[in-house]
Amino acid sequence: RIIRENELAVQQAVDDWHKECGEVNKENQRRVGVAAAAYASQCSVIRYARIRQVKEAEAAHQKTVSGLLKENEAMMEEARGKYNILVKEIVAKNDIKRAEAKKV
């Protein structure tokens, strides 16, 4: 009878231990799940912040490029105007020289 009681006590202790281990395991799994969700959320926040930063950098780059293109166009227009004035002056001088040459 004592052996049987000891066997039952040991079996009960083993059952209690398994039950406690199962509860601890479930709690640990829950904590791991919570930690994983928090990590994923944080990664998402970081990812969206990086995407926003990249978009802002791209917009700034486009603005700079656009400004440089406009500045380049203005400089080309100014150079074209100076070239046209110079050509007109040369043509006018040539016309005067031709007219003088015809007089002689």
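What to note about this one:
- Arg80, sole failed condition from (1) open to solvent by 90 Å² or more (accessible area, probe 1.4 Å); (2) within 26 Å of the chain's Cα centre (by Cα): (2)
- Test set (1) at pLDDT 95 or above; (2) among the charged types (D, E, K, R); (3) surrounded by fewer than 10 Cβ atoms within 10 Å (Cβ to Cβ) - Lys55 fails condition number: (3)
The values are calculated or read from the model by the stated rules, or taken from the named source; none is laboratory data. Since this is a predicted model, take the numbers as computed values, not measurements. Positions of Cβ are generated from backbone atoms using ideal geometry, with glycine treated the same way; all protein chains shown enter the neighbour counts. With ligands, DNA and RNA removed, areas are computed over all heavy atoms of the protein, side chains included. Shrake-Rupley method; radii C 1.70, N 1.55, O 1.52, S 1.80 Å.
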